[in-house]
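Quick notes on the structure that follows.
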Amino acid sequence: MRTPSGRSRKRLALGGKHVLLIGLSLVTLFPIVLALSSALKTRADVRSNPFGLFSSFSLESITRAWTLGNFGEYTINTFVLAVPSTIIVVVLSVMGGYAFARLPFRGRTVLYYLVIVGLLVPFFTYMIPLYFQLQGMALLDTLPGVILVMASTGLAFGTVFMRAFFSELPPELDQAARIDGASEWQIFLRVMVPLVSSGAGALAVFTFLQNWNNLLVPLLYLPGGNWRPLTLGLYLFAGGRSIDIGPLAAGTLITILPVIVLFVVLQRQVTQGILSGAVKG
Amino acid sequence: LASDDFATTPRVTRRAQARLGVLLVAPLMLLVGVFFLLPLASAVYFSLVDFHGFEADPPFVGLRNFVELAADPSLLPALKNNIVWIIVGTTAPLVLGLFIALLLWNVRRGSTFYRVAFFLPYILPATAIGVVWSWIYDPLRGWLNEGLKLVGAGAFVTGWLGNPDTALTAVLLTAVWTATGFVMIIFLAALRNVDVELIDAATIDGANARQRLRYVILPQIMPVFLMVTTITLIGGFSVFDIVFVMTGGGPAGATEVLGTYAYRNAFQLNRMSYGTALALVIALLAVPFTIGLNRLQRRMSLYRTGA
């Protein structure tokens, strides 16, 4: 029964919803706002007035963290680690996903199962033997070692993810291309890959975030202190039990800001990656 | 589907496809083999010897590590914490996430902002989350204590992460904060497929909001509901990052979970074999749930194609 009073009640309900949603999102965002505020206050103000939000403005904490706290170097290192490992994951997952979805070859099922076991086994199950294995391969404490390990942790998800995209393409596509005289390699590269580029893009964003956030791999396999990324730098910086909250907040902000920007700009890709991770995973 | 298809393709094509297939999976299998399967196999070997990180030829001890595990007095408290984690860390995000998703459902204005706000905690690095929440829990300058004093609950003021009675709750609360957005975004996607006409019909039939949720909405999103439950549940066994960053398992083992206990044995006490045996047991504990999840997903894909 839609009476006028019913409609106004509906509008009131919507208003109530918004009030609740705004309240809840403010609570949710509070820790992030706190980091932002503490990073942008003067260091004296952070110490004397910890509860004032945005009560002063200064970039000194950011500059201190960037230079003295080495966060500038950590930022570069994070890109040096995350970009190549993301590229490896996307390229190998596109190749493998296509083969597992559309190319029949002996042992395909067994190999696919061997890859997706990776989704079931938590990293810490094999992190200890991997340490000694890397030592034996002379890859411990090296850039290629950490990049390859980081990439490997993303391959199971990437392969499953890309395989789903290739499986959804109609079979008539490659038949038509074959009649036109295209080789199998050309069908893959010219016909199929362009059709899954949105999926590959989502995988790239999702994997990049995972790699950016990864703490354990660099913590364990870069014991010498070279190529330290932001997560590890921040972890060690905080572990110093420093009372100097200002630069620590600035370091936190430097660590999370790229993640936030990337997420806000590429929201759709990130959610798509996570949704299919949950649904198809 | 695929095999029917290939039965009609000429042999030359099939051979070319097989060649390309092997070529395309080769680099993938190389990395998976070297950096996943090989260390996983060595994990089994590690658990059967007594290795402390330096022996060239550690002695074979059979199942002794596992026998010791069964009798380890520190293991039970860690397992108990995992169980608390599984129960609270699954229920709370599920209820909150569903609640927020229902609130957001059909809200147009500001929906992008809300989604970003609620989902953001889930994608932030655990290190940064740990740092910020440690300030919030700080005994002297923490916002939580300040807030409690403000509402007249000054009796509850404490050093949340340093007090063994509150540390687990505090870390769990942070974990709930990060997981809720994940649950919400999945429910929101599921709600998009809910038949709105059924709800309208129920409203006309006089069903109130609770009845509509219970009898109309929940049955339609049940597969997703079960799936999210299983995912967060499995995550409860292998929880590591957030505890490691915030408390490292302390104070006095109050937040120790199986994952941090395995880490501590291996890298602080140099008991590589014992830590690995424990890590293997954790992975195995989650297997029944993983199989359950797999079945659910198969059922769900049937459900989706049927819809």
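The values are calculated or read from the model by the stated rules, or taken from the named source; none is laboratory data. Just so it is clear, the model here is predicted, and its values are computed rather than measured. In this analysis, Cβ positions are derived from the backbone assuming ideal geometry, glycine residues included, and neighbour counts consider all displayed protein chains.
Test A:Leu111 against the stated conditions and say whether it is part of a helix (DSSP H, G or I), at pLDDT 95 or above and within 11 Å of chain B (Cβ to nearest Cβ).
Working: part of a helix (DSSP H, G or I): yes; at pLDDT 95 or above: yes; within 11 Å of chain B (Cβ to nearest Cβ): yes.
Against the criterion (part of a helix (DSSP H, G or I), at pLDDT 95 or above and within 11 Å of chain B (Cβ to nearest Cβ)), A:Leu111 qualifies.
Of B:Leu213, B:Leu269, B:Leu278, B:Leu284, which residue is over 21 Å from A:Pro122 (Cα atoms) and part of a helix (DSSP H, G or I)? Reasoning before the result, please.
On the way: B:Leu269 fails: part of a helix (DSSP H, G or I); B:Leu278 fails: over 21 Å from A:Pro122 (Cα atoms); B:Leu284 fails: over 21 Å from A:Pro122 (Cα atoms).
Checking each option against the conditions leaves just B:Leu213.
Here is a list: B:Ile199, B:Ile221, B:Ile291. Which entry is at pLDDT below 85 and on the phi < 0 side of the Ramachandran plot? Reasoning before the result, please.
Details: B:Ile199 fails: at pLDDT below 85; B:Ile221 fails: at pLDDT below 85.
Exactly one of B:Ile199, B:Ile221, B:Ile291 is at pLDDT below 85 and on the phi < 0 side of the Ramachandran plot, namely B:Ile291.
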List the number of the failed condition for A:Gly97; all other conditions in (1) farther than 16 Å from A:Asn214 by Cα; (2) facing chain B (nearest Cβ under 8 Å) hold.
(2)
All-but-one check, A:Val83 against (1) away from chain B (no Cβ under 11 Å); (2) β-branched (Val, Ile, Thr); (3) free of Cβ contacts under 8 Å to residues at least 24 places away in the same chain, failing number (3)
Condition met for A:Pro144 (part of a loop (DSSP other than H, G, I, E, B) and surrounded by fewer than 18 Cβ atoms within 10 Å (Cβ to Cβ))
no
Residue by residue through region B:51-77, note down the ones that are away from chain A (no Cβ under 14 Å) and not in a helix (DSSP H, G or I).
B:Pro59, B:Phe60, B:Val61, B:Gly62, B:Leu63, B:Asp72, B:Pro73, B:Ser74
Per the filter on region A:122-141, residues more than 15 Å from B:Leu31 (Cα to Cα) and either in a loop (DSSP other than H, G, I, E, B) or not aromatic (Phe, Trp, Tyr) (or both) are A:Pro122, A:Thr125, A:Met127, A:Ile128, A:Pro129, A:Gln135, A:Gly136, A:Ala138, A:Leu140, A:Asp141
Which one is nearest to the other protein chains (Cβ to nearest Cβ) among residues in region B:174-210 that are more than 24 Å from A:Arg268 (Cα to Cα) and part of a loop (DSSP other than H, G, I, E, B)?
B:Gly206
Does A:Phe132 satisfy being in contact with a Gly (Cβ under 8 Å, 6 or more places away or on another chain), closer than 16 Å to A:Val217 by Cα and at the interface with chain B (Cβ under 8 Å from one of its Cβ atoms)?
yes
Quick check on my filter: what residues within region A:201-242 are within 14 Å of the chain's Cα centre (by Cα), among the hydrophobic types (A, V, I, L, M, F, W, C) and under 22 Å from A:Val264 (Cβ atoms)?
A:Ala202, A:Leu203, A:Ala204, A:Val205, A:Phe206, A:Phe208, A:Leu209, A:Trp212, A:Leu230
Here is a list: B:Gly159, B:Gly142, B:Gly147, B:Gly130. Which entry is more than 7 Å from every other protein chain (Cβ to nearest Cβ) and in contact with a Phe, Trp or Tyr (Cβ under 7 Å, 6 or more places away or on another chain)?
B:Gly142
Result of the Cβ filter at 7 Å on region A:9-24, keeping first residues that are facing chain B (nearest Cβ under 10 Å) and partners that are in a helix (DSSP H, G or I), at least 6 apart or interchain, is A:Lys17/B:Leu103; A:Leu20/B:Leu103; A:Leu21/B:Leu103; A:Leu21/B:Leu104; A:Leu21/B:Tyr114; A:Leu24/B:Ile100
A careful count of residues in region B:214-238 that are more than 14 Å from every other protein chain (Cβ to nearest Cβ) and in contact with a Gly (Cβ under 8 Å, 6 or more places away or on another chain) gives 0
Give the residues of region A:83-110 that are touching a Ser or Thr at 6+ places or on another chain (Cβ under 6 Å) and small (Gly, Ala, Ser), sorted by residue number.
A:Ser93, A:Gly96, A:Gly97, A:Ala101
Identify all residues within region B:130-155 that are assigned to a loop (DSSP other than H, G, I, E, B) and closer than 18 Å to A:Ser38 by Cα; write none if there are none.
B:Tyr137, B:Asp138, B:Pro139, B:Leu140, B:Arg141, B:Gly142
Any residue in region A:43-62 that is touching a Phe, Trp or Tyr at 6+ places or on another chain (Cβ under 6 Å) and either part of a helix (DSSP H, G or I) or not aromatic (Phe, Trp, Tyr) (or both)?
no
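Does A:Leu34 satisfy being at pLDDT below 90, out of contact with any Asp or Glu (no Cβ under 6 Å at 6 or more places or on another chain) and closer than 29 Å to A:Trp212 by Cβ?
Values: at pLDDT below 90: no; out of contact with any Asp or Glu (no Cβ under 6 Å at 6 or more places or on another chain): yes; closer than 29 Å to A:Trp212 by Cβ: yes.
For A:Leu34, the condition - at pLDDT below 90, out of contact with any Asp or Glu (no Cβ under 6 Å at 6 or more places or on another chain) and closer than 29 Å to A:Trp212 by Cβ - is not met.
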Six or more apart or on different chains, Cβ atoms under 7 Å: show the pairs whose first residue is in region A:118-129 and facing chain B (nearest Cβ under 7 Å) and whose second is hydroxyl-bearing (Ser, Thr, Tyr) and in a loop (DSSP other than H, G, I, E, B).
A:Pro122/B:Ser238
